[in-house]
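Participant: Got a structure for you, written out below as structure tokens; questions coming shortly.
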Amino acid sequence: MTSILGLLGHPLGHSVSVPMHMASIFTLGIDYVYLSFDILPEDLSRTVAGFKKEGVQGFNVTIPYKESIMSYLDGIDEHAGKIGAVNTVHNDHGKLKGYNTDGIGYITSLREQTGFSPGGRHVLMIGAGGAARAVAFSLLEAGIEGLIIANRSVEMDMAERLANHIKLSFPDVNVQALPVERIPWIPARELDLIINTTPVGMKHTGQQEIKELSDLMQESRTLLREDTVISDVIYNPVETPLLKMAKLAGLKTHNGINMLVYQGAESFRIWTGIRPPVDVMRRAVLQALQENR
Ligand code: NAP
């Protein structure tokens, strides 16, 4: 019988996860299918119960259910528990267990694309939402020494809440929260990695920018060290305005495509026990993004 995998969220639109996972299923020649489940909030509970009963082998979870899904699961892996969000659920003989593979995807792709090694490094992260939480915990587990979280000042408490939450698990790491307006006051030469985890720069969101970040990029030749890595978790477009500016300034860049591919590869491994072909997955994502232009 065909094993079912899928993506649960709302609204889903043209998700690239479907072609990405179907490409590895076809390449591996295994009897699986990956489907898209666009589910309204009021139907979440019975959908998850139905998945469990019908033996759906595993599914990804996306906006807006990464946190609310946790109350329907039988168990949560330690890393996902610390992050407080689940993006992958495995149905292990009738027991649903939640994982978070976003951070693993982030670290694996960052290392592969830029050679960055997190041990002892100092990081500036813009944004304090779901992606930021996963990225931050994975960098901290990988050994960074300092983390500054900058968020829009109106929602300042989000960055502070995240910083306080992190300090519970990493009391020895220097974690600070500040509003984005304070970015120009940070000693830029001490930064090894700058990450955008906000949707600013995404396709269809207009050409807005985080002014403080673009100013920093414009002046990066003098303010930043030339080995500082600039990273953006956005995957559409592949090269965001921030990454374009960083490249022009001669800095190393990291985009969100490989994070997406590696988080998907890790989810696939959890569900099936098989390491999927990441090159095939990456090609499928790039093609899907081209087709959905
Ligand atoms: P989220 O939970 O809604 O958090 C968004 C964050 O961005 C919040 O800190 C928010 O700040 C900030 N923000 C939003 N609009 C802003 C603006 N105009 N100016 C400054 N800050 C702004 O979203 P998320 O789930 O973390 O997703 C964020 C991005 O990550 C999305 O583009 C998503 O596609 C991407 N992502 C990529 C991957 C991947 O695999 N590559 C995985 C997950 C997510 P406030 O507190 O002020 O609202």
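Here's the yes/no breakdown for (1) away from the ligand (no atom under 14 Å from the Cβ); (2) closer than 24 Å to VAL278 by Cα; (3) under 17 Å from the mean Cα position of the chain (by Cα):
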position: GLN113; (1), (2), (3): no, yes, yes
position: ALA128; (1), (2), (3): no, no, yes
position: LEU139; (1), (2), (3): yes, yes, yes
position: ILE144; (1), (2), (3): yes, no, no
position: ASP157; (1), (2), (3): no, no, no
position: GLU160; (1), (2), (3): no, no, no
position: ASN164; (1), (2), (3): yes, no, no
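Participant: Here's a follow-up. Select, from PHE137, PHE170, the only residue that is of a type in the set (Phe, Trp, Tyr) and crowded, with 21+ Cβ neighbours inside 10 Å.
Facilitator: The unique qualifying residue is PHE137.
Participant: So which residues in the range 7-59 are β-branched (Val, Ile, Thr), assigned to a helix (DSSP H, G or I) and under 23 Å from ILE234 (Cα atoms)?
Facilitator: VAL18
Participant: Out of (1) buried (at least 20 other Cβ atoms within 10 Å of the Cβ); (2) in contact with a strand residue (DSSP E or B) (Cβ under 7 Å, 6 or more places away or on another chain); (3) farther than 24 Å from ASP172 by Cα, what's the single condition that is false for MET125?
Facilitator: (3)
Participant: Can I ask one more? Counting just the residues of the range 1-25 that are surrounded by fewer than 14 Cβ atoms within 10 Å (Cβ to Cβ) and not hydroxyl-bearing (Ser, Thr, Tyr), which one comes out farthest from the chain's Cα centre (by Cα)?
Facilitator: Once the filter is applied, the top-ranked residue is MET1.
Participant: So which of VAL135, VAL175, VAL180 is among the hydrophobic types (A, V, I, L, M, F, W, C) and either within 15 Å of HIS254 (Cβ to Cβ) or touching a Phe, Trp or Tyr at 6+ places or on another chain (Cβ under 8 Å) (or both)?
Facilitator: From the options VAL135, VAL175, VAL180, the qualifying one is VAL135.
Participant: For the range 60-71, what are the residues that are out of contact with any strand residue (DSSP E or B) (no Cβ under 7 Å at 6 or more places or on another chain) and either buried (at least 24 other Cβ atoms within 10 Å of the Cβ) or not in a loop (DSSP other than H, G, I, E, B) (or both)?
Facilitator: Residues satisfying the conditions are LYS66, SER68, SER71.
Participant: Still on this structure, please answer the following. For residues that are within 12 Å of HIS122 (Cβ to Cβ) and β-branched (Val, Ile, Thr), scanning just the range 166-176, find the one that is nearest to the ligand (Cβ to nearest atom).
Facilitator: VAL175
Participant: Quick test for you: out of GLU239, GLU226, GLU219, GLU266, pick the one residue that is surrounded by fewer than 24 Cβ atoms within 10 Å (Cβ to Cβ), under 19 Å from THR101 (Cα atoms), of a type outside the set (A, V, I, L, M) and more than 10 Å from the ligand (Cβ to nearest atom).
Facilitator: GLU266
Participant: Also, I was wondering about something else. Would you point out the residue of the range 246-257, among those that are surrounded by 24 or more Cβ atoms within 10 Å (Cβ to Cβ) and not hydrophobic (A, V, I, L, M, F, W, C), that is farthest from the ligand (Cβ to nearest atom)?
Facilitator: Checked the range 246-257; the qualifying residue farthest from the ligand (Cβ to nearest atom) is HIS254.
Participant: So, one more: For the range 45-57, state whether one or more residues are surrounded by 15 or more Cβ atoms within 10 Å (Cβ to Cβ), within 16 Å of the ligand (Cβ to nearest atom) and free of Cβ contacts under 8 Å to residues at least 60 places away in the same chain.
Facilitator: Scanning the range 45-57 turns up no residue that is surrounded by 15 or more Cβ atoms within 10 Å (Cβ to Cβ), within 16 Å of the ligand (Cβ to nearest atom) and free of Cβ contacts under 8 Å to residues at least 60 places away in the same chain.
Taken together, the values in this text are just the output of simple stated rules run on the coordinates, not laboratory data. Everything numeric here is computed off the predicted structure, so don't read it as measured data. In this analysis, Cβ positions are derived from the backbone assuming ideal geometry, glycine residues included, and neighbour counts consider all displayed protein chains.
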